[in-house]
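Asks: Quick one: the structure is below, and I'll ask about it shortly.
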Amino acid sequence: MTGQWQANSMQQIRSRAGGTISSLVLAFGSGTLALALVGSWAGLRLNDSPSMPTGFYVRTSSESKASLAVFCPPESFAKLSRGYRSRGNCPDGAEPLAKPIVARPGDIVELSATGMAVNNRRLLNTAPLVTDTAGRSLHHWPFGRYVVAPGAVWVASSYSPPEL
């Protein structure tokens, strides 16, 4: 009888442990989902791309004071996808881009082989690259001087210097 009682006790302990683990997994999953929904509602966005520091960013309603633009690239650029962007909700099926705003309406942007300047101020790490990290050729925006049009902004990431 003792052997039977021990087997039943062990089975009950295993059953309780399995139920506890299932409950913990369910609670963790539900908590994570709730946190994501609250974060989205509050305007939080997680950046995990290498073009900007990893972290949470807050969406604001003041366009004139915004330091970042989150956008889906126009279709002509989206078609050039090389797998740089993860899956997302843009019309091309990829995630939106998040880039620092570097020039606003009326600013003067100058592009050259040495990089980008806004109102005669050079931006670090903006020299056009010849190839991407996979060795594929890249084409830069035409060199020249541009005046930012009303209702437009220029974005550029100077966060990561090219890896050698």
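Asks: From the convex hull of the Cα coordinates of the stretch 71-132, what is the mean projected area in square nanometres? Before the final figure, lay out each step's value.
Replies: Values: hull surface 21.2 nm².
Mean orientational projected area (the stretch 71-132, Cα hull): 5.3 nm².
Asks: Would you kindly calculate the mean projected area, averaged across all directions, of the convex hull enclosing the Cα atoms of the stretch 102-164, in square nanometres?
Replies: Numbers: hull surface 18.1 nm².
Hull-based average projected area comes out at 4.5 nm².
The numbers here are math on the coordinates, done by the rules we state, and not lab data. What you see is a predicted model; the values in this text were computed from it and never measured.
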